[in-house]
Ligand SMILES: [Fe+2]
Ligand SMILES: [Fe+2]
């Protein structure tokens with residue numbers, strides 16, 4: 001059993017992006033690859049605006065991206081493999097009304113946000129990448145976001161929650177809608193038909209958007225977003241749902257790490273500096289939206305968890321993401337008030353984790369995320 005799992009403590013080990021050794025040759029283009037019949041050089045690859053052959057995987061310029069793809073394939077499951085029987089009983093007979101409120105609204109938010117995450121990476125990001133090793137991990141990511149959407153749907157259906165009501169909830173409750181609307185605005189900006197990454201302002205907008213989705217949307221909102229259900233799990237409640245979320249968390253931590261790596265390399269490769277005013281605004285908007293969300297889902301505290309804890313934990317995790325991005329901490333002094341969250345996220349208690357599994361986990365022995 002792997003005892004070294006630590007998905008999210010990679011900020012200290014992340015290597016500095018290598019400086020681009022060469023710039024791409026303006027004479028080599030995707031369009032003329034077919035007629036030039038010349039081999040490509042790895043150093044001709046670019047994250048965006050590249051002209052090396054997009055259909056040729058190796059030689060790698062970004063071998064770490066391929067490693068992400070290989071690692072992602074060690075976490076494979078379907079929601080049908082996790083027993084939900086006890087959750088049905090817990091949901092119907094054990095949860096208090098405040099706990100039900102938290103549980104349902106977390107699911108209501110998550111189920112919409114994973115579709116948004118899928119659309120972002122699949123429609124707005126992948127098409128802009130010009131190195132295949134980046135696109136291949138992102139293709140896996142698109143699948144994983146769809147799998148997450150299935151997982152929430154499976155939980156909702158298994159628990160007998162009214163789908164018409166729960167899927168519409170984010171459309172009628174401002175605190176749920178606020179986070180989705182903020183993300184949608186970012187997504188729409190980089191999906192404009194006139195969006196051209198050869199324009200430096202657009203390039204900056206794209207880097208900021210990728211930073212938002214990887215570092216905040218996935219790195220903070222998802223990471224922190226599962227916590228209320230982990231708080232129930234710690235008290236022996238809704239353990240099947242929580243286990244499903246632990247699988248999802250593994251994927252999300254990788255999505256976040258990969259995205260942050262891409263942003264860092266992109267900034268280096270393009271000699272681009274993020275506007276600190278816009279970055280500050282990004283963190284502040286995200287915190288305001290998360291705090292409004294926390295006040296709603298935890299309008300009544302549940303045992304061991306409340307809105308202030310949730311917001312404080314957002315700020316703590318946001319600082320971690322900023323460090324990983326090589327940026328200043330947006331919330332200096334934020335404390336880790338929920339030290340158990342990282343352990344839950346990293347699933348160090350792997351043996352316990354597998355106790356609730358109804359089928360054998362095929363690739364568990366190969367897990368190594370360091
Ligand atoms: Fe997801
Ligand atoms: Fe994700």
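Nothing in this text is a laboratory measurement; each read-out follows from the coordinates by a stated rule. In this text the structure is predicted, and so the values were computed from the model without any measurement. In this analysis, Cβ positions are derived from the backbone assuming ideal geometry, glycine residues included, and neighbour counts consider all displayed protein chains.
Could you list 311, 209 in order of exposure, starting from the residue whose Cβ has the fewest other Cβ atoms within 10 Å?
Values: 311 21, 209 24.
So the ranking, lowest neighbour count to highest, is 311, 209.
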- Expressed in nanometres to one decimal, the distance between label points 7 Å along Cα→Cβ at residue 202 and residue 41 is 2.8 nm
- From the Cα centre of the range 152-182 to that of the range 246-277, the distance in Å is 28 Å
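Return the FRET efficiency for the residue pair residue 185, residue 343: r is the Cβ-Cβ distance, R0 is 25 Å, and the value is rounded to the nearest 0.05. Write down the numbers at each step before the final one.
On the way: r = 35 Å, r/R0 = 1.38.
Efficiency computed from Cβ-Cβ geometry: 0.10.
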- Query: Between residue 165 and residue 193, how many nm apart are label points set 7 Å from Cα along the C-beta direction?
  - Reply: 4.2 nm
- Query: Which FRET efficiency, nearest 0.05, do residue 127 and residue 281 yield, Cβ-Cβ r, R0 41 Å?
  - Reply: 0.95
- Note on the structure: The residues 255, 76, 204, sorted from fewest to most surrounding Cβ atoms within 10 Å, come out as 76, 204, 255
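What FRET efficiency comes out for the pair residue 88/residue 336, r = Cβ-Cβ distance, R0 = 35 Å, nearest 0.05?
On the way: r = 34 Å, r/R0 = 0.97.
Plugging the Cβ-Cβ distance into 1/(1 + (r/R0)^6) gives 0.55.
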- Message: Under 8 Å for C-alpha pairs, at least 6 residues apart: give me the relative contact order for the range 89-345, rounded to a whole percent.
- Response: 22 percent
- Taking the Cα-to-Cβ direction at residue 328 and at residue 76 and moving 7 Å from each Cα, how far apart do the two end points lie in nm? 4.6 nm
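What does the C-alpha gyration tensor say about the overall shape of the range 89-345? Classify as rounded when a/c is under 1.5, otherwise prolate if a/b is larger than b/c, or oblate. Don't skip to the end; give the middle numbers.
Values: a/c = 1.91, a/b = 1.55, b/c = 1.23.
Judged from the Cα gyration tensor, the range 89-345 comes out prolate (a/c at least 1.5, a/b above b/c).
Multiply the residue gap between residue 300 and residue 173 by 0.36 nm, knock off their C-alpha separation, and tell me the result in nm, one decimal place. Could the numbers behind the result be given before it?
Values: separation 127, 0.36 × 127 = 45.72 nm, distance 1.65 nm.
Contour length minus Cα-Cα distance gives 44.1 nm.
How high is the relative contact order of the range 184-245, given as a whole-number percent (alpha carbon pairs under 8 Å, six or more residues apart)? Working shown, then result.
Details: 21 pairs, mean separation 11.5, N = 62.
Value for the range 184-245: 19 percent.
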